[in-house]
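**Q** Submitted below is the structure of interest, expressed as structure tokens.
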Amino acid sequence: MLFRSLLVAVGVVGVAVAWGEWRGWPWLAQPLATGLSHVLHRPVTLASAAGQPAVRVHFVPTLRIEAPALRIGGPAWSPDQDLLRLTDGTVVVGYGQLWQVARGGPIHLREVSARGLQLQLEQDDLGRANWQLGDAHTAAHRLSAISLRLRALCSRLRSTSAANLPALRRCAITSSYSSASVRSLMLACLLQT
């Protein structure tokens, strides 16, 4: 009798998990965004507008987030500029990477894909950089080195989009200095729909 009850309980849990994975756990989007905000020390928003597909979260085999809009805000010293905005994006993170981030390590994403991407990188005279997630206090990479890598990425995207990708409508990098001695670099890419 106990074995049968245990078997039924395992079956019910298995069906519930399978159903949640199939639906994409849309009711977990807000708690996930809140948890990510806590770990990254930034505001994180996962959103879908009326008439758009809902945010979908999958936990098997890795954490996979599919959202019509994903936003990671800036740090406390630069709250007006978002670090990242994705349109129709998918982000895949392994559980090992999440464990490293929770323990103060760097984040390594397995996959990021999007129809639109806006990346705003900033670094101030004290060496603080908005791409430092969590409790980091100094930038491991200077903005000038990252600028060269992003420019190379834009060139590669432009050259491969004709044959392999949907048409790349825009891929632009702009850099500027603000009055508060903050150097800023912005990458914006948008695929043709």
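The values are calculated or read from the model by the stated rules, or taken from the named source; none is laboratory data. No experiment lies behind these values; they were computed from the predicted model shown. Cβ atoms come from the backbone with ideal geometry, glycine included; neighbour counts cover every protein chain shown. For accessibility, only protein heavy atoms count, side chains too; no ligands or nucleic acids. Shrake-Rupley method; radii C 1.70, N 1.55, O 1.52, S 1.80 Å.
**Q** Measuring from label point to label point, each 7 Å out along Cα→Cβ, what is the Ala9 to Trp27 span in nm?
**A** Here the modelled spin labels are 2.2 nm apart.
**Q** Accessible surface of Ile72 in the full protein assembly, 1.4 angstrom probe, to the nearest 10 Å²?
**A** 30
**Q** Please sort by residue number the trypsin sites (Lys or Arg not before Pro) in the stretch 52-111 whose DSSP state is loop and whose Cβ has at most 16 other Cβ atoms within 10 Å.
**A** Counting only loop positions with at most 16 other Cβ atoms within 10 Å, the trypsin sites (Lys or Arg not before Pro) in the stretch 52-111 are Arg103, Arg110.
**Q** Another question, then. Considering the zone a paramagnetic label at Val60 would reach in this model (a point 7 Å from Cα along the Cα-to-Cβ line), which residues of the stretch 1-31 have amide N under 20 Å from it?
**A** The answer is 6-29, whose backbone nitrogens lie closer than 20 Å to the label point.
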